[in-house]
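> Sharing a structure, written as structure tokens. Questions coming.
The values are calculated or read from the model by the stated rules, or taken from the named source; none is laboratory data. In this text the structure is predicted, and so the values were computed from the model without any measurement. Positions of Cβ are generated from backbone atoms using ideal geometry, with glycine treated the same way; all protein chains shown enter the neighbour counts. Note: areas computed on protein heavy atoms with side chains; ligands, DNA, RNA excluded. Shrake-Rupley method; radii C 1.70, N 1.55, O 1.52, S 1.80 Å.
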Amino acid sequence: QQPVQSPQAVILREGEDAVINCSSSKALYSVHWYRQKHGEAPVFLMILLKGGEQKGHEKISASFNEKKQQSSLYLTASQLSYSGTYFCGTPLPGGGNKLTFGTGTQLKVEL
Amino acid sequence: GAGVSQSPSNKVTEKGKDVELRCDPISGHTALYWYRQSLGQGLEFLIYFQGNSAPDKSGLPSDRFSAERTGGSVSTLTIQRTQQEDSAVYLCASSATSGVYNEQFFGPGTRLTVL
């Protein structure tokens, strides 16, 4: 049930763009994105719902393809502060907004 | 305006001992979640509370794990007879409700090391 993320790791120069992908073998009605810096708590980035609703940070954009059961997170004009591990989470059965997360994508932005 | 807090931040214990991990959610948040993060892994769901009741304990890895929540606020995760495979970072999160459009606010975690 755990979603699969790609790539596992990426290194960018400041100002470059990156795309992080998340796919599931099960039908999805929502995808959640979080970023975790080393030794810190995961921080909410975005929720995407089936039907097109989105909620999240203004500077982050993402897409959700319900048919393909995939979501992508777009990081444009990357900044040093974007460094961290990005996790996508998808709902577990039974409601309650319980999430199962992918193993993460490590992003490092360098000068 | 405090966020989610957890204590202790680090816990080292010997195999076979019991441990208690505490989570203080954001005030007014009715939903509370426990996750476990092992090295190089994603976050693994353990248990979820709506108010004081736990409608879903399906993620608890064994009967050595239990959790409770009192007063719709503080939650305690207890691990009995700890094993080395229990070593991980235990994260607590809360959200305003358990609706699908609610983000979860995570605490800093408790790093548990079982020797």
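> Tell me, which strands (runs of 3 or more DSSP E) lie completely within segment B:7-85 with 1 or more residues that are among the aromatic types (Phe, Trp, Tyr)?
The strands (runs of 3 or more DSSP E) meeting that bar are B:31-37, B:43-50, B:65-69.
> Now for a separate question. In segment B:88-109, what residues are of a type in the set (A, V, I, L, M, F, W, C), at pLDDT 90 or above and more than 15 Å from B:Phe45 (Cα to Cα)?
Within segment B:88-109, just B:Ala96 meets the criteria.
> I've got another one for you. Here is a check on your reading of the model: is A:Leu73 modelled with pLDDT of 90 or more and surrounded by 15 or more Cβ atoms within 10 Å (Cβ to Cβ)? Can you show your working first?
Values: modelled with pLDDT of 90 or more: yes; surrounded by 15 or more Cβ atoms within 10 Å (Cβ to Cβ): yes.
The answer is yes for A:Leu73.
> A follow-up question, please. I'd like the full set of residues that are among the basic types (Lys, Arg) and open to solvent by 70 Å² or more (accessible area, probe 1.4 Å), limited to segment A:54-70.
Selection gives A:Lys59, A:Lys67, A:Lys68.
> Kindly check whether there is at least one residue in segment B:59-66 that is within 11 Å of another protein chain (Cβ to nearest Cβ), within 30 Å of A:Gln106 (Cβ to Cβ) and in contact (Cβ under 8 Å) with a residue 12 or more places away in the chain.
yes
> Give the residue that is farthest from B:Ser5 (Cα to Cα), with candidates limited to residues of segment A:40-53 that are within 8 Å of chain B (Cβ to nearest Cβ) and open to solvent by less than 90 Å² (accessible area, probe 1.4 Å).
Result: A:Leu49.
> When segment B:41-58 is examined, which residues are found to be under 24 Å from A:Gly39 (Cα atoms) and either open to solvent by 60 Å² or more (accessible area, probe 1.4 Å) or touching a residue at least 12 places away in the same chain (Cβ under 8 Å) (or both)?
Across segment B:41-58, the qualifying residues are B:Gln41, B:Leu43, B:Glu44, B:Phe45, B:Leu46, B:Ile47, B:Tyr48.
> Further, regarding this structure: Do we find a residue being open to solvent by less than 50 Å² (accessible area, probe 1.4 Å), in contact with a Cys (Cβ under 6 Å, 6 or more places away or on another chain), within 13 Å of another protein chain (Cβ to nearest Cβ) and of a type outside the set (A, V, I, L, M) anywhere in segment B:19-28?
yes
> Taking strands (runs of 3 or more DSSP E) that fall entirely within segment A:27-111, which contain at least 3 residues that are more than 22 Å from B:Gly107 (Cα to Cα) and small (Gly, Ala, Ser)?
Passing ranges, in order: A:61-65.
> Quick check, is B:Asp24 closer than 27 Å to A:Lys37 by Cβ and among the charged types (D, E, K, R)?
Numbers: closer than 27 Å to A:Lys37 by Cβ: yes; among the charged types (D, E, K, R): yes.
Yes, satisfied.
> Now for a separate question. Please find, within segment B:92-101, the residue that is nearest to the chain's Cα centre (by Cα) out of those that are closer than 18 Å to B:Gly72 by Cα and either open to solvent by less than 10 Å² (accessible area, probe 1.4 Å) or facing chain A (nearest Cβ under 7 Å) (or both).
Looking at residues that are closer than 18 Å to B:Gly72 by Cα and either open to solvent by less than 10 Å² (accessible area, probe 1.4 Å) or facing chain A (nearest Cβ under 7 Å) (or both), I get B:Cys92.
> Now for a separate question. Does any residue in segment A:4-27 that is on the phi > 0 side of the Ramachandran plot come within less than 7 Å, Cβ to Cβ, of a residue that is of a type in the set (A, V, I, L, M, F, W, C) six or more places away or on a different chain, and which pairs are these?
Every condition considered, the pairs that remain are A:Gly15/A:Ala77.
> Among what's in segment A:18-39 and is in contact with a strand residue (DSSP E or B) (Cβ under 6 Å, 6 or more places away or on another chain) and among the hydroxyl-bearing types (Ser, Thr, Tyr), pick the residue that is nearest to the other protein chains (Cβ to nearest Cβ).
Looking at the filtered set, the residue picked out is A:Ser30.
> Identify, by number, the condition in (1) open to solvent by less than 40 Å² (accessible area, probe 1.4 Å); (2) within 9 Å of chain B (Cβ to nearest Cβ) that A:Gly94 doesn't meet.
Failing condition for A:Gly94: (1).
> Ok, one more. Can you tell me which residues in segment B:36-68 are of a type in the set (Lys, Arg) and modelled with pLDDT of 95 or more?
B:Arg36, B:Arg64
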